[in-house]
1. If a residue must be touching a Gly at 6+ places or on another chain (Cβ under 6 Å) and more than 8 Å from chain B (Cβ to nearest Cβ), how many such residues does the range A:55-82 contain?
2. Could you figure out which of (1) modelled with pLDDT of 95 or more; (2) under 18 Å from A:Lys64 (Cβ atoms) isn't true of A:Arg137?
3. Could you identify the single residue in B:Val102, B:Val167, B:Val145, B:Val112 that is out of contact with any Gly (no Cβ under 6 Å at 6 or more places or on another chain) and of a type in the set (Val, Ile, Thr)?
4. Looking only at the range A:135-159, how many residues end up being of a type in the set (Lys, Arg) and buried (at least 20 other Cβ atoms within 10 Å of the Cβ)?
5. Scan the range A:56-71 and tell me whether some residue there is touching a Lys or Arg at 6+ places or on another chain (Cβ under 8 Å), in a loop (DSSP other than H, G, I, E, B), under 30 Å from B:Ile57 (Cβ atoms) and not small (Gly, Ala, Ser).
6. Quick one: in the range A:6-54, which of the residues that are small (Gly, Ala, Ser), outside any strand (DSSP E or B) and touching a residue at least 40 places away in the same chain (Cβ under 8 Å) is farthest from the other protein chains (Cβ to nearest Cβ)?
7. For the list (1) buried (at least 19 other Cβ atoms within 10 Å of the Cβ); (2) of a type in the set (Phe, Trp, Tyr); (3) closer than 30 Å to B:Ser22 by Cα, I need the number of the one condition that B:Tyr218 fails.
8. Mind listing just one residue for me: the one in the range A:124-145 that is of a type in the set (Gly, Ala, Ser) and within 11 Å of another protein chain (Cβ to nearest Cβ) and, of those, nearest to A:Thr105 (Cα to Cα)?
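The values are calculated or read from the model by the stated rules, or taken from the named source; none is laboratory data. Model, not experiment: these values are computed from the prediction. Backbone-built Cβ (ideal geometry, glycine too); neighbour counts: all protein chains shown.
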Amino acid sequence: MKEISGTTELCLCVNGEERRASVRPGDTLMRVLREKLGLTGTKCGCENGDCGACTVLFDGKPTKSCMVLAVECDGIEITTIEGLATHPVQQAFTEENGFQCGFCTPGMILNAVALVTAHPETDEEADREWMQSNLCRCTGYEGIRNALATARILLNPQD
Amino acid sequence: MIAAEFPYLRADTAEEAVDAWSRYKGARYLAGGTEITTSARRTAAPAVTALVDIKHIPEVNIHEMQKDFLILGAALTLADVVEGDAFPFLSATLRGIADHSVRNRLTLGGNVTGMLPYREAVLPLLLADASLQSIAPGKEGAPPVRREQKLKDVFDKRLILAPGELVLSFSVPITATELAWSHHRKTRTGPVDYPLVTSCLIREEEEIRLAISGAHPYPVRSDEVDAALTKDSVVAVDQAIGLLGAFRTDARGSADYRTALLGNMIRASLEELS
């Protein structure tokens, strides 16, 4: 049985790289990404699993990193907004003005990347169900919805 | 972030998990961790003396048919169960809980054993007469004890577990996964909110069974209510609701409003199932 007490150096797989950080068992993944690894694209919003600003991909699945302890992440591929580089979903958000203040945008984009990967064809029910996980206080939802449609076209140009 | 200092233990077997719990009195089992991380941050929960991570135990991740039963591991995420869709009634109920991203973390066992009043996952499991498999520390140094019990026999407002008892899985009779069902859920705001009332009905031949959440500070299923509904279903709705006891009033809605909602839900369900 693996046991971790006190501060321990942990190896995390983040954006395809092995990253080392000193963590306590009580440190959430969101805090470690931001404060130990400098990946501040993962935003700290409610820290209660409500807003989705801290969403990362956890083996490809959108996950709120404020509700995950870093010590649980052994063997998990974590993708943050920094790991996307130039993804068609990012281009679509730019083209459709799928953001206003931009605070929710990293979480929105990561959730949208997972969504259009799982549902390459337009699926309004899935879009609604998945994107309800992220809140935009600027209420820029129209641009975000349009960005999903544009992202699918960019990813599947033959359609 | 959880301010308290505590050890994290990752168990590879169920026996290791209960042994770890025995070594750290007050330890909590960790699967999805959503309730632990949020309540501990707000210091709303008792202090954590240790977290025992159970996600790497193979039997809590089972998701398969075995003979006449569907076996659902306690650490399966709600999203896993919904995507597997082997029990559509359960899938429909789970889709109402939290939001899609959170369902990628929330676990079946965590929802059923959690501290929140709603615990909607238990409703279809109770109606389907599911059983649960668990393991508990042995007394005075004896080996851990495994047991299987009917969920309805160990659920009274909440799951009644022995100290340190760990839920491993739920088994649902395959015949129950094929019964006609109806699920209704109303919230105060939008789809991502706790329910004012969630009602689940299942029909087995002439028998109607009802389980609800949101109207009380705990989920409710009652043989007396089922008998009333089955006896004279449409006329007996008000009588059945009366048997459910006092409904609660809170910021989301009054007891009267919840009563009216549930009446409408049950009548709609009975029509669907007729």
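1. 3
2. Answer for A:Arg137: the failing condition is (1).
3. On the way: B:Val102 fails: out of contact with any Gly (no Cβ under 6 Å at 6 or more places or on another chain); B:Val167 fails: out of contact with any Gly (no Cβ under 6 Å at 6 or more places or on another chain); B:Val145 fails: out of contact with any Gly (no Cβ under 6 Å at 6 or more places or on another chain).
Matching residue, one of B:Val102, B:Val167, B:Val145, B:Val112: B:Val112.
4. Narrowing the range A:135-159 to residues of a type in the set (Lys, Arg): A:137, A:145, A:152.
From what's left, buried (at least 20 other Cβ atoms within 10 Å of the Cβ): A:152.
Number satisfying all stated conditions: 1.
5. yes
6. Among residues in the range A:6-54 that are small (Gly, Ala, Ser), outside any strand (DSSP E or B) and touching a residue at least 40 places away in the same chain (Cβ under 8 Å), the one farthest from the other protein chains (Cβ to nearest Cβ) is A:Gly16.
7. With respect to (1) buried (at least 19 other Cβ atoms within 10 Å of the Cβ); (2) of a type in the set (Phe, Trp, Tyr); (3) closer than 30 Å to B:Ser22 by Cα, B:Tyr218 is out only on (1).
8. To start, the set of residues in the range A:124-145 that are of a type in the set (Gly, Ala, Ser) comprises A:126, A:133, A:140, A:143.
Keeping just the survivors that are within 11 Å of another protein chain (Cβ to nearest Cβ) gives A:126, A:133.
Numbers: A:Ala126: 19, A:Ser133: 13 Å.
Across the range A:124-145, the extreme among qualifying residues is A:Ser133.
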